[in-house]
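The values are calculated or read from the model by the stated rules, or taken from the named source; none is laboratory data. Bear in mind the structure is a predicted one, so any value in this text is a computation, not a measurement. All Cβ positions, even for glycine, are placed from backbone atoms using ideal geometry, and neighbour counts span all protein chains on display.
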Amino acid sequence: MSDYDKYVSPLSERYASREMQYLFSPDKKFRTWRRLWIALAETEKELGLNITREQIEELKAHAEDINYDVAKAREKEVRHDVMSHVYAYGVQCPLAKGIIHLGATSCYVGDNTDIIIMTEALRLVRRKLINVLAELAKFAESYKDMPTLAFTHFQPAQPTTVGKRATLWMMELKLDLEDLDYLIGSMRLLGSKGTTGTQASFLELFDGDHEKCRRLDDRIAEKLGFAGSYPVSGQTYSRKVDSRVLSVLAGIAQSAHKFSNDIRLLQHLKEVEEPFEKKQIGSSAMAYKRNPMRSERIASLANYVMSDMMNPMLVASTQWFERTLDDSANKRLSVPEGFLAVDGILDLYLNVVDGLVVYPKVIEKRLMSELPFMATENIMMDAVKAGGDRQELHERIRELSMEAGKNVKELGLDNNLLELIAADPAFNLTAEELKNTMNPSLYIGRAPKQVEEFLEEVIKPVLEENAQVLGMKAEINV
């Protein structure tokens, strides 16, 4: 069979990083199984079971050199992946063969491994999210003072600044980071709970000593770097954990999707563009096009992650009593692919922000074409100071604005509202005086200061606390 005649997931071929792919690879899984078997044997020895130091050392000696050929051949015979790997490990470790997986059920390695891998993957997501925040912070700082037309309902509204708009994207990612940190801090192992979660097999091994059963859970968690195990479970950890994980991933997808929408709209307006490489082709038919394909891909992957969140919700809500196996096939797909997709999203996000192109002249031209309408309140106040009647002036501005709007929309002319106001004796204002009101910085409110405060008070502490993970660069495959 060639490399081109079978299905290959685009998440691995096109979108996700090698680092994230490895976390969900068979090799990572089976190496983690062996770590768990070693932790189980060590802890059982520490708690008094008849396990020798030589057996432990033998297990450690073969923790990494997995004999996959033996495991694969055995699985064809017994149709059980865990027992196949127990057997293969025992072939390499004849002294320890009899104590591998002692007292445990398959979920000891399966579920604990899932928790370990998801936690590592969440930490990778966190590193990437923080790097996106860092790049956005640079962008916001650079453009905190640049006035731009703001929109409500995608209709021209009061001005803001390019940097202030970037803080809106950052605020959503900061909320995601808070959710992510809470989730990572709450992750626990399944521990060694046995067939139905009662630890009956371990209670038998420890001759009815309940305290040793409790310590078994705690020590295994400690050896694997966790604060503890879930206090109660059935055979598996609650599948609600998977639902919580995918919910946080979907939250990141929501934020990224919003960002990508804004960039696509700004690129349509020719104000801001995502990076476009020298030899990149925008369209097979229209050679002049510069399509925002990275932002479109963010949106596409984000849609997938947000819909993927339904999978663990359905699985968790339909589990029967202490264990059913109808979760297995679903979570093998939904959890890894949710992570792989978010990994691709954050790489794209980082790549886009790192290469954003801003066109100040276009931004200024569009803003100035709308600014006369937005300046009317200030103009009216100046006219009142010059002796005019506020109510009469309000009505005249309304009438003149309608006339100027008609010139723009129906005749395709420039906005001539200022000329109309200058020609109206009711305002008693000269063209020069009106021109002085056309400074965009007069209408951006606290936007520059808000950017400074937000970066200093909210983002800077996060970046300083996580300085060791900064500096990531995203490689985009296609």
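Of everything listed in (1) of a type outside the set (Phe, Trp, Tyr); (2) outside any helix (DSSP H, G or I); (3) closer than 22 Å to GLU204 by Cβ, the single unmet condition for THR43 is (2). Within region 401-419, is even one residue assigned to a loop (DSSP other than H, G, I, E, B), of a type in the set (A, V, I, L, M) and either on the phi < 0 side of the Ramachandran plot or not assigned by the TED database to the domain that holds ARG165 (or both)? Yes - at least one qualifying residue is present in region 401-419. Looking only at residues in region 69-110 that are loosely packed, with under 13 Cβ neighbours inside 10 Å and of a type outside the set (A, V, I, L, M, F, W, C), the one that is farthest from GLN199 (Cα to Cα) is ASP69.
Taking the residues in region 14-40 that are in a loop (DSSP other than H, G, I, E, B) and touching a helix residue (DSSP H, G or I) at 6+ places or on another chain (Cβ under 7 Å) as candidates, determine which candidate is surrounded by the most Cβ atoms within 10 Å (Cβ to Cβ). Show your work before the answer.
Initial filter on region 14-40 (in a loop (DSSP other than H, G, I, E, B)): 16-17, 24-25.
Applying the additional criterion that residues be touching a helix residue (DSSP H, G or I) at 6+ places or on another chain (Cβ under 7 Å) yields 16-17, 24.
Values: ALA16: 26, SER17: 19, PHE24: 22.
The qualifying residue surrounded by the most Cβ atoms within 10 Å (Cβ to Cβ) is ALA16.
Filter region 400-436 for residues that are of a type in the set (Ser, Thr, Tyr) and within 12 Å of THR376 (Cβ to Cβ) and give the result.
To start, the set of residues in region 400-436 that are of a type in the set (Ser, Thr, Tyr) comprises 401, 430.
Scanning region 400-436 gives a single hit, SER401.
For the condition in a loop (DSSP other than H, G, I, E, B), touching a residue at least 40 places away in the same chain (Cβ under 8 Å) and either closer than 25 Å to GLY194 by Cβ or not β-branched (Val, Ile, Thr) (or both), ILE51 qualifies. At least 1 residues being closer than 30 Å to VAL362 by Cβ and touching a Lys or Arg at 6+ places or on another chain (Cβ under 7 Å) is the threshold, and among the helices (runs of 4 or more DSSP H) wholly inside region 160-271 those reaching it are 162-186.
Tell me yes or no: at least one residue of region 127-136 is of a type outside the set (D, E, K, R), surrounded by fewer than 19 Cβ atoms within 10 Å (Cβ to Cβ) and not in a loop (DSSP other than H, G, I, E, B). Before the answer, list the steps.
Applying the first criterion (of a type outside the set (D, E, K, R)) to region 127-136 yields 129-134, 136.
Then drop every residue that is not surrounded by fewer than 19 Cβ atoms within 10 Å (Cβ to Cβ), which leaves none.
No; the residues of region 127-136 include none that is of a type outside the set (D, E, K, R), surrounded by fewer than 19 Cβ atoms within 10 Å (Cβ to Cβ) and not in a loop (DSSP other than H, G, I, E, B).
Of LEU11, LEU124, all but one fail to be within 22 Å of ALA221 (Cβ to Cβ) and either of a type in the set (A, V, I, L, M) or surrounded by 20 or more Cβ atoms within 10 Å (Cβ to Cβ) (or both); the exception is LEU124. Within this structure, ASN436 passes the test of being out of contact with any Lys or Arg (no Cβ under 7 Å at 6 or more places or on another chain) and more than 30 Å from SER17 (Cβ to Cβ). For region 178-196, the set of residues classified as out of contact with any strand residue (DSSP E or B) (no Cβ under 7 Å at 6 or more places or on another chain) and under 14 Å from VAL109 (Cα atoms) consists of SER192, LYS193, GLY194, THR195, listed by residue number. Confirm whether ALA386 is surrounded by fewer than 16 Cβ atoms within 10 Å (Cβ to Cβ), within 30 Å of ALA426 (Cβ to Cβ) and touching a residue at least 24 places away in the same chain (Cβ under 8 Å). So ALA386 fits the description; yes.
Between GLU410, GLU395, GLU456, the distinction of being closer than 30 Å to LEU133 by Cβ, surrounded by fewer than 15 Cβ atoms within 10 Å (Cβ to Cβ) and modelled with pLDDT of 90 or more belongs to GLU456 only.
State whether one or more residues within region 319-332 are at pLDDT below 95, in contact with a strand residue (DSSP E or B) (Cβ under 8 Å, 6 or more places away or on another chain) and more than 27 Å from ILE130 (Cα to Cα). No, there is no match, as no residue in region 319-332 is at pLDDT below 95, in contact with a strand residue (DSSP E or B) (Cβ under 8 Å, 6 or more places away or on another chain) and more than 27 Å from ILE130 (Cα to Cα). Quick one: in region 201-237, of everything that is in contact with a Phe, Trp or Tyr (Cβ under 9 Å, 6 or more places away or on another chain) and among the aromatic types (Phe, Trp, Tyr), which residue is surrounded by the fewest Cβ atoms within 10 Å (Cβ to Cβ)? If we take residues in region 201-237 being in contact with a Phe, Trp or Tyr (Cβ under 9 Å, 6 or more places away or on another chain) and among the aromatic types (Phe, Trp, Tyr), then TYR230 is surrounded by the fewest Cβ atoms within 10 Å (Cβ to Cβ). For VAL478, the conditions (1) among the aliphatic types (A, V, I, L, M); (2) touching a residue at least 60 places away in the same chain (Cβ under 8 Å); (3) closer than 23 Å to LYS138 by Cβ all hold with the exception of (3).
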